[in-house]
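Here is the structure we will look at.
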Amino acid sequence: MIRVAAIALAALLALPAAAAELPLPAGVQPLAERISKLAAYQLPTGVFANGAVPLARIEGRVVRRSWRVAVDASPLQIAAPVRDALEAAGYDIVFECSDRDCGGFDFRFAIEIIPAPDMTVDLDNFVFLSARKGGGAAVSLLVSHSISTAYIQLIEVSPPEAQSTLGVVAQPSPAAVPSVPPSVPGTDGLAAAFQEQGRVVLSDLEFETGSSRLGEGDFTSLAALAAFLTGNPEARVLLVGHTDSEGSLAANTAVSQRRAEAVRDRLAERHSVPADRLEVAGAGYLAPLASNLTEEGRETNRRVEAVLLSQ
């Protein structure tokens with residue numbers, strides 16, 4: 001009888017454990033997945049110090065995945081439920097840090113990152129954690145948020161014979177609700193939109209694919225933005241250019257930067273807005289509002305957003 005029970009117990013232990021489900025914000029879009037049946041991963045276990053990041057070499061089945069999601073949530077708000085799910089699944093958190101506390105630029109370039117455009121890291125807005133579990137399992141999580149989009153990277157190591165991968169389930173919550181910056185066709189509502197969202201889409205601007213030339217029309221959104229800045233003399237705005245996905249990331253980033261500069265120049269020349277109150281940046285195709293698979297989506301993604309920096 002004891003022998004039968006022992007055999008039954010051994011058979012039960014041999015069954016693969018149910019994979020944990022990691023909660024990510026609703027609307028996440030998978031970008032990359034690469035599975036290595038047997039490989040080595042250097043798991044970060046501390047901050048950048050004395051010229052290096054401490055790493056633990058772990059061998060096994062390595063799964064590298066990334067996601068993108070348009071969401072109003074900080075990296076910590078996105079990472080915290082994942083951390084809790086890992087702990088519930090028996091993982092011990094080895095190390096946690098955020099942007100500058102990690103070591104900023106030096107930390108980011110000392111750890112493994114899935115190449116862009118499948119993962120991007122805002123050096124001033126990211127969190128990282130690593131965790132380990134008995135049997136040679138380990139996980140690292142990197143979450144970064146830039147403008148209106150979050151990027152999530154998960155690297156998982158498990159025993160070579162393992163067949164399952166940590167599951168992912170979309171979980172909407174008040175802390176992570178997909179959103180689109182409001183479009184502002186006129187002066188009414190612009191100040192309220194800045195207060196509620198911190199940014200607006202200058203939705204009536206016209207740009208052609210691959211071009212930074214701003215149309216010659218009278219754009220209501222620019223008149224509204226100029227009126228807002230005139231009425232709020234301490235306010236400063238960041239103009240962020242965006243493109244569709246046609247072409248390389250480098251080319252699109254350059255085009256989006258020039259689009260933001262064109263809007264700044266138009267505001268300065270026609271609306272007398274001091275240029276030193278307008279900063280510019282280019283995000284390329286890294287923060288789409290719609291699918292790039294349709295012409296309508298690509299047109300939506302060719303835009304400039306105004307982000308309120310101070311008031």
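What follows draws every value from the coordinates through simple rules; no lab data is involved. This one's a predicted model, so the numbers in the text were calculated from it and none came from an experiment. Heads up, the Cβs are rebuilt from the backbone with ideal geometry, glycines too, and the neighbour counts pull from every protein chain shown.
Data table
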| quantity | calculated |
| --- | --- |
| Kirkwood-Stokes translational diffusion coefficient of the stretch 190-310, alpha-carbon pairs, 20 °C, 1.002 mPa s, µm²/s | 150 µm²/s |
| Normalised convex hull volume, the chain, alpha-carbon set, Å³ per residue | 151 Å³ |
| Distance between the stretch 243-284 and the stretch 83-103 - C-alpha centres, whole angstrom | 37 Å |
| Principal-axis tilt of helix 220-231 within the chain, Cα atoms, nearest 10 degrees | 80 degrees |
| Karplus-derived 3J(HN,Hα), 6.51/-1.76/1.60, for each residue of the stretch 195-200, Hz, glycine and proline x | 5, 7, 10, x, 7, 9 |
| Which of MET119, SER256, PRO44, positive extreme of dipole for the chain (C-beta unit charges) | PRO44 |
| Among ASN292, VAL143, GLN195 - extreme Cα towards positive end, dipole of the chain, charges at beta-carbon | VAL143 |
| Karplus-derived 3J(HN,Hα), 6.51/-1.76/1.60, for each residue of the stretch 296-311, Hz, glycine and proline x | 4, x, 5, 5, 4, 6, 7, 7, 10, 9, 9, 10, 6, 8, 7, 8 |
| Nearest 10 degrees, 0 to 90: helix 249-271 Cα axis against the chain principal axis | 30 degrees |
| Set of the stretch 18-43 residues, backbone N closer than 19 Å to the point 7 Å along the Cα-Cβ line of GLU196 | none |
| Backbone HN-Hα couplings from phi across the stretch 115-127 [Karplus 6.51/-1.76/1.60, Hz, Gly and Pro as x] | x, 5, x, 7, 7, 10, 10, 7, 5, 9, 7, 8, 10 |
| The stretch 214-311: relative contact order in percent, alpha carbon pairs under 8 Å with at least 6 residues between | 39 percent |
| Residues in the stretch 58-76 reached by a label modelled at ALA40 [backbone nitrogen below 17 Å; 7 Å Cα→Cβ] | 58-63 |
